[in-house]
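> What follows is a structure written as structure tokens; I'll ask about it next.
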Amino acid sequence: MQDRFESKGISVVYCPTDEMLANFFTKPLHGNFFRKFRAVLLGHCHVNTITKSPLPPSEERVENPILEKV
């Protein structure tokens, strides 16, 4: 990999998780992620809509029992 970087043979581009369409095939998605990627795969939305429509922030629903005792 390092040789390819140095010779300009490849480039690495950051892609946020909520924009990776492959996640639909590799992970169990829930809620907004599932609906967003499903719409693109079924042809209801263009693939460019993935990057243009940010998801609302998710809410943490897991409670930390250690913090509750303090």
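The values are calculated or read from the model by the stated rules, or taken from the named source; none is laboratory data. Just so it is clear, the structure is predicted and the values come from calculations on it, not from any experiment. Reconstructed Cβ throughout: ideal geometry from the backbone, glycine too, with neighbour counts over all protein chains shown.
> Counting only residues that are at pLDDT 80 or above, surrounded by 10 or more Cβ atoms within 10 Å (Cβ to Cβ) and small (Gly, Ala, Ser), give me the helices (runs of 4 or more DSSP H) lying completely in the range 16-70 with at least 1 of them.
Helices (runs of 4 or more DSSP H) meeting the threshold: 31-41.
> Continuing with the same structure: List the pairs whose first member sits in the range 1-16 and is of a type in the set (A, V, I, L, M, F, W, C), whose second member is part of a helix (DSSP H, G or I), and whose Cβ atoms are under 7 Å apart, counting only residues at least 6 apart or on separate chains?
ILE10/ARG4
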